[in-house]
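What follows is a short report on a single structure.
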Amino acid sequence: MKKFLIMSATALSISALGTFVADTGVINTNQNMVYAKKYKPNKAVTTDIETGSGWLVGQDIKPGVYNLSTSTGSGNVSSDGASELNIILGTAPDPEMGQLSNYRVILKKGESIDISGIPSVHFEAAQFSKPVSSGQLSAGDYKVGRDIKPGRYTISLVEGSGNISTDDGTLNEILDTDTSMGVTKTTVRLHKGTKLTFDAQTVQLDRH
């Protein structure tokens, strides 16, 4: 799959949180995590959406943070809004196709979601924990200060390949084991309020 470096300051969203292995433990969607009180709670509501176009956030699905997955088939999931969601989602990761098995996305009111080539997508309301400073992250959107502690980090590729960027323009790279296509790791300072987005299946986060 040919990859192109994103030139806009906004990240190209492409994946979902399946597991987050951090210095505070293992986080997944089946655990009842405690959310940091200084941040607004996630108002997302778990739902399943079938193949189709024009599914509206705020009408067909509540705004919030979701973990996307599917139990059958594979296909494309995209949006025309702030999340810039555009992924290939399947039951298992396929690096050759750029396919992800899960993706964590922050959906804003007014976005329109399209699903094609796949029977349905499961939108699981994300569970929040206190911000972490190390561990493995699955593909998707993460807010610095809420999900990740601010600081200087080395972010290394663990599985898959794809773009990694921040919405403030600080970071814009391609992660790939083939160094002619990208880099295997990058170092960046993440500032509070910034959104980090990547579409490699799994990366390793380590704060200096």
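Across the stretch 116-143, what is the number of residues that are among the β-branched types (Val, Ile, Thr) and crowded, with 22+ Cβ neighbours inside 10 Å?
Adding up the residues that qualify gives 1.
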Check your understanding: Is the stretch 84-92 home to any residue that is touching a Lys or Arg at 6+ places or on another chain (Cβ under 8 Å), assigned to a loop (DSSP other than H, G, I, E, B), under 14 Å from residue 140 (Cα atoms) and at pLDDT below 95?
Key -> no
Practice item. Test each condition in (1) crowded, with 17+ Cβ neighbours inside 10 Å; (2) free of Cβ contacts under 8 Å to residues at least 60 places away in the same chain; (3) closer than 30 Å to residue 208 by Cα; (4) of a type outside the set (D, E, K, R) for residue 151 and report the one that comes out false. Key: (1)
Point to revise | Answer from 146, 104 - the residue that is in a loop (DSSP other than H, G, I, E, B) and crowded, with 19+ Cβ neighbours inside 10 Å | key: 146
Revision key, fill the gap. The lone condition residue 81 fails out of (1) modelled with pLDDT under 95; (2) within 27 Å of residue 41 (Cβ to Cβ); (3) surrounded by fewer than 19 Cβ atoms within 10 Å (Cβ to Cβ); (4) in contact with a strand residue (DSSP E or B) (Cβ under 6 Å, 6 or more places away or on another chain) is (4)
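Look through 68, 56 and report the one residue that is at pLDDT 95 or above, of a type outside the set (D, E, K, R) and open to solvent by 50 Å² or more (accessible area, probe 1.4 Å).
From the options 68, 56, the qualifying one is 56.
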Exercise for review: With the checklist (1) over 28 Å from residue 52 (Cβ atoms); (2) in a strand (DSSP E or B); (3) open to solvent by 20 Å² or more (accessible area, probe 1.4 Å); (4) touching a Leu at 6+ places or on another chain (Cβ under 9 Å) in hand, flag the one item residue 164 doesn't pass.
Suggested key: (3)
Study note, to complete from the structure: So, first residue within 18 Å of residue 128 (Cβ to Cβ) and of a type outside the set (Ser, Thr, Tyr) in the stretch 46-69, second residue in a strand (DSSP E or B) and modelled with pLDDT under 95, Cβ within less than 8 Å, six or more apart or across chains; the pairs are 67/16; 68/16
**Study point:** Number of the exception - residue 134 against (1) modelled with pLDDT under 95; (2) over 16 Å from the mean Cα position of the chain (by Cα)
**Key:** (1)
Practice item. Among the residues of the stretch 84-101, count how many are over 15 Å from residue 121 (Cβ atoms) and open to solvent by less than 30 Å² (accessible area, probe 1.4 Å). Key: 1
Revision key, fill the gap. Over the stretch 180-202, the set of residues over 18 Å from residue 97 (Cα atoms) and aliphatic (A, V, I, L, M) is 183, 188, 190, 196
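Yes or no, residue by residue, for (1) closer than 30 Å to residue 55 by Cα; (2) assigned to a loop (DSSP other than H, G, I, E, B):
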{"residue": "110", "(1), (2)": "yes, yes"}
{"residue": "119", "(1), (2)": "yes, no"}
{"residue": "123", "(1), (2)": "yes, no"}
{"residue": "129", "(1), (2)": "yes, yes"}
{"residue": "140", "(1), (2)": "yes, no"}
{"residue": "155", "(1), (2)": "no, no"}
{"residue": "188", "(1), (2)": "no, no"}
{"residue": "199", "(1), (2)": "yes, no"}
**Study point:** Residue satisfying all of: in the stretch 167-186; assigned to a strand (DSSP E or B) and among the aliphatic types (A, V, I, L, M); most open to solvent (accessible area, probe 1.4 Å) among these
**Key:** 183
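The values are calculated or read from the model by the stated rules, or taken from the named source; none is laboratory data. Note that the structure is predicted; figures quoted are calculated from it, not measured. Every residue, glycine as well, gets a Cβ built from its backbone with ideal geometry; the counts of neighbours run over all protein chains shown. We work out accessible area using only protein heavy atoms, side chains counted, and drop any ligands, DNA or RNA first. Shrake-Rupley method; radii C 1.70, N 1.55, O 1.52, S 1.80 Å.
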